[in-house]
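Asker: Below is one structure. I have some questions about it.
What follows draws every value from the coordinates through simple rules; no lab data is involved. Here the structure is a predicted model, which is why all the values come from computation and not from measurement. Here Cβ is always computed from backbone atoms with ideal geometry, including for glycine, and neighbour counts include all displayed protein chains.
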Amino acid sequence: MNNDDKLILGGHEFESRFILGSGKYSLRLIEAAVQHAGAQIITLAVRRANTKEQESILDHIPQGVTLLPNTSGARTAQEAVRIARLARELGCGDFVKIEIMKDSKYLLPDNAETVKATEILAKEGFVVMPYMYPDLYTARDLVNAGAAAVMPLASPIGSNKGLATKDFIQILIDEIDLPIIVDAGIGRPSQACEAMEMGAAAVMANTALATAGDLPTMANAFRQAIEAGRSAYLAGLGRVITRGASASDPLTGFLRD
Amino acid sequence: MDNSFFVDSAHLSKEALEKKHRLENDPSFRKNHMEYLEGMEVLKSDICEKVMAQMKSYDYAKYTAKDVKAALEHETCTIEDFKALLSPAAEPFLEQMAQRARLETSKHFGNTVYIFTPLYIANYCENYCVYCGFNCYNDINRMKLNEQQIEHEMKVIADSGMEEILILTGESRAKSDVKYIGEACKLARKYFRMVGLEIYPVNTDEYKYLHECGADYVTVFQETYDSDRYEQLHLFGHKRVWPYRFDAQERAILGGMRGVAFSALLGLADFRKDALATAMHVYYLQRKYPHVEMSLSCPRLRPIKNNDTINPLEVHEKQLCQIICAYRIFLPYVGITVSSRESARFRNGIVKIAATKISAGVSTGIGDHESKYTGKEADAPEGDEQFEIDDGRSLGTMYKDIEGEGLQPVLNDYLYV
């Protein structure tokens with residue numbers, strides 16, 4: 001892997017392109033997960049961090065790992081802003097992943113509120129990483145609002161269904177000049193690899209690991225898949241023939257001058 | 001064994017006994033349970049009609065093994081699938097249902113199990129609900145904690161490490177008014193991250209007030225969705241008004257509460273129909289208010305003081321497990337609470353399948369946390385309990401036991417915003 005290939009978020013450089021979730025599994029597995037994933041960024045729900053000393057998730061995060069607190073539980077931009085500020089007060093740093101959901105069933109992000117919260121928090125100096133439904137107009141609005149990256153969902157959160165929104169994520173990768181980090185719904189290492197081959201800057205996963213038989217081993221599998229996908233992207237994928245055969249005589253061979 | 005609910009206390013006056021017997025034996029002496037009392041807000045809502053239509057048309061005998069197998073194969077569980085999973089035809093498929101339920105639980109909640117504890121602050125009650133230990137004719141020690149006592153109880157509970165509390169009262173507006181409950185909520189916010197309420201149903205503006213005082217989750221048990229059966233069990237008092245109770249969750253949502261919880265008390269009526277109606281109540285309200293968090297409880301009838309014969313009839317553990325699995329498969333995103341009415345063995349098993357929340361360090365009595373938690377002799381009077389609990393594990397023991405099952409105990413996952 002090219003050593004100069006860095007993920008840059010709000011001026012911070014990262015070598016790893018695997019963002020690890022910390023929910024849905026035992027706190028004592030976090031350290032092993034980080035290690036096997038080779039992750040340098042780990043998300044955590046502020047609502048889980050806002051707890052008494054007995055089980056604070058913050059105590060389980062290894063030194064040197066960048067925290068990416070999320071605003072889960074927020075239903076409006078205002079609530080997300082309040083949670084982000086609380087995260088900063090709790091000592092979680094300046095990174096924030098905006099999650100605004102007005103639907104308790106599918107937990108789909110509210111793009112309009114997400115843009116509003118991004119604008120406010122970017123102005124306050126946060127490194128804002130908004131979780132969003134992959135929509136080009138929203139992505140452009142997020143760029144203008146000061147986001148450090150755009151985090152489109154691959155499929156409904158927790159579903160492990162993979163790249164259901166693949167074509168729309170590709171549009172964001174092609175059109176948006178910010179890192180596109182594929183978030184939510186990635187269920188297998190092969191899907192993470194595919195997202196990276198497409199040109200995603202990073203992949204975030206949580207449930208796929210939490211529900212795996214052996215979490216650290218799965219974290220390792222994801223790390224390898226993400227690295228492979230990144231290498232493939234940088235190498236430039238070979239031609240893929242999707243329909244019919246390639247004519248050996250060029251169709252334009254008749255042209256003379 | 002049929003339930004015999006009627007117990008006469010030797011302490012009742014002749015007049016009181018006469019009234020009690022008349023309420024029990026003469027339906028014409030009882031108020032119309034479908035008619036609102038003065039001061040009760042009438043909500044214009046179509047939810048009740050929808051739920052009742054589903055419940056009334058539910059003929060669980062018509063479902064076959066084929067329907068159950070098809071339901072288990074479908075990726076999304078439809079209402080028809082849910083009806084099949086609740087039917088007697090699904091009983092032989094309990095293990096497959098549990099496997100599926102476990103998968104859904106892990107997708108939405110991972111391996112987390114939330115822990116909370118209830119705090120009863122008063123047991124006065126103005127209602128005659130024949131199965132309940134707090135009913136106004138039952139001879140028990142009545143008590144209402146004052147603010148100092150409430151705070152003392154909260155300190156004892158908070159010192160044990162608990163971060164989520166559910167405040168309960170008997171259903172007496174006269175003894176435990178909304179302001180009194182509001183003050184308890186304000187105190188609770190000092191000691192706990194999450195404050196829930198399980199009190200008598202109130203109007204939207206009162207829910208709004210309680211929300212401002214710090215409560216953010218409202219639990220109301222409908223007891224039974226069969227209004228005719230409800231009438232035979234809730235003979236006297238404001239609780240008798242069935243439709244006002246039905247709309248409580250919707251008023252709580254309109255009052256700004258983050259979440260609402262639902263339940264039928266299994267064993268009071270046809271449990272399959274009650275389980276269906278409870279889930280449909282959640283389903284339709286979720287469609288109307290998609291931002292709200294919803295959860296389900298699954299209590300079975302328990303013995304009470306002065307009547308140890310009360311039991312959940314045909315709702316055995318297998319049936320309860322079937323209901324919980326069906327709930328999970330149909331409503332994968334909702335929280336499911338299993339109370340200390342159930343045994344430690346059952347609760348240890350069900351958290352591995354579908355339940356996401358359990359209570360620990362439980363007392364359903366009044367003002368007795370210190371004596372129960374420390375074993376210290378009580379130096380103040382204590383109020384009697386609403387029902388007998390089965391699982392008396394402390395928070396510490398529960399925490400260790402959950403970890404021992406390979407699950408992750410969670411004391412708080414909540415922010416008041």
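Asker: Can you say what percent of the DSSP beta bridges in chain B, counting only those with both residues inside, are antiparallel? Round to 5. Display every interim value, and only then the final one.
Answerer: On the way: 5 of 40 bridges.
Counting DSSP beta bridges with both partners in chain B, the antiparallel share is about 10 percent.
Asker: Specify the longest stretch of chain B that does not include any exposed loop site, a site being one of the GluC sites (Glu not before Pro) with a non-H, G, I, E, B DSSP assignment and at most 16 other Cβ atoms within 10 Å.
Answerer: In chain B, the maximal stretch lacking such sites is B:76-313.
Asker: Would you work out if chain B is rounded, prolate or oblate? Take a ≥ b ≥ c from the square roots of the eigenvalues of the alpha-carbon gyration tensor; rounded if a/c is under 1.5, else prolate when a/b is larger than b/c, oblate otherwise.
Answerer: Since a/c stays below 1.5, the shape of chain B is classed as rounded.
Asker: Check cross-link reach from residue B:83 to the lysines: straight Cα distance under 16 Å, and skip same-chain residues fewer than eight apart.
Answerer: B:50, B:56, B:62, B:66, B:69, B:273
Asker: Between exposed trypsin sites (Lys or Arg not before Pro) in chain B, where DSSP calls loop and at most 11 other Cβ atoms lie within 10 Å, what's the longest gap?
Answerer: Working: sites that count: B:44, B:376.
Excluding the exposed sites themselves, the longest stretch runs over B:45-375.
Asker: Roughly what % antiparallel, to the nearest 5, for the DSSP beta bridges in the protein assembly as shown? Present the calculation step by step, with values, prior to reporting the outcome.
Answerer: Values: 9 of 67 bridges.
Taking every DSSP beta bridge within the protein assembly as shown, about 15 percent pair in antiparallel fashion.
Asker: Could you tell me the relative contact order of chain B? Use alpha-carbon pairs under 8 Å, at least six residues apart, and round to a whole percent.
Answerer: Once normalised by length, the contact order is 23 percent.
Asker: Helix A:111-123 versus the longest principal axis of chain A: what angle, 0 to 90°, nearest 10, using Cα atoms?
Answerer: Taking the Cα atoms of chain A, the angle to A:111-123 is about 70 degrees.
Asker: How big is segment B:200-277 by Rg and Dmax over its Cα atoms, in Å?
Answerer: Rg and Dmax of segment B:200-277, Cα atoms, are 13.2, 38 Å.
Asker: As I understand it, the value is the acute angle between the Cα axis of helix A:215-235 and the longest principal axis of the Cα atoms of chain A; what does it come to in degrees, rounded to 10?
Answerer: Roughly 40 degrees, rounded to the nearest 10.
Asker: Cα convex hull of segment A:7-235: mean projected area in nm², to one decimal?
Answerer: 11.0
Asker: With the radius of gyration and the Kirkwood radius both derived from the Cα set of segment B:4-67, what is their ratio Rg to Rh?
Answerer: That ratio is 1.20, to two decimals.
Asker: Regarding segment B:83-209, what whole-number volume in Å³ per residue does the convex hull of its Cα atoms give?
Answerer: Here the figure is 189 Å³ per residue.
Asker: By the scheme Lys and Arg +1, Asp and Glu -1, what is the net charge of all other residues having a beta-carbon under 15 Å from that of residue B:147? Don't jump to the answer; show the numbers that get you there.
Answerer: On the way: positive: B:144, B:155, B:175, B:179, B:186, B:189, B:190; negative: B:151, B:153, B:177, B:183.
With Lys, Arg at +1 and Asp, Glu at -1, the neighbours total +3.
Asker: Work out how far the C-alpha atoms of the protein assembly as shown reach from end to end along every principal axis, then list the three figures in whole Å, largest first.
Answerer: Ordered largest first, the protein assembly as shown gives principal extents of 116, 55, 45 Å.
Asker: Rounded to the nearest 5, what is the percent of antiparallel bridges among the DSSP beta bridges in segment A:7-235?
Answerer: 15
Asker: Can you list the trypsin sites (Lys or Arg not before Pro) in segment A:6-68 that are in a DSSP coil and have 13 or fewer other beta carbons within 10 angstrom?
Answerer: On the way: sites: A:6, A:17, A:24, A:28, A:47, A:48, A:52; in loops: A:6, A:17, A:24, A:52.
Here the trypsin sites (Lys or Arg not before Pro) that fit, given the DSSP loop and packing criteria, are A:6.
Asker: Could you tell me how many degrees, from 0 to 90 and to the nearest 10, lie between the Cα long axis of helix A:77-89 and the main elongation axis, the longest principal axis, of the Cα atoms of chain A?
Answerer: Result, in degrees: 70.
Asker: Which value in Å does the Kirkwood hydrodynamic radius of segment B:309-349 take, with 1/r averaged over all unlike C-alpha pairs and then inverted?
Answerer: When all Cα pairs of segment B:309-349 are included, the Kirkwood radius is 11.4 Å.
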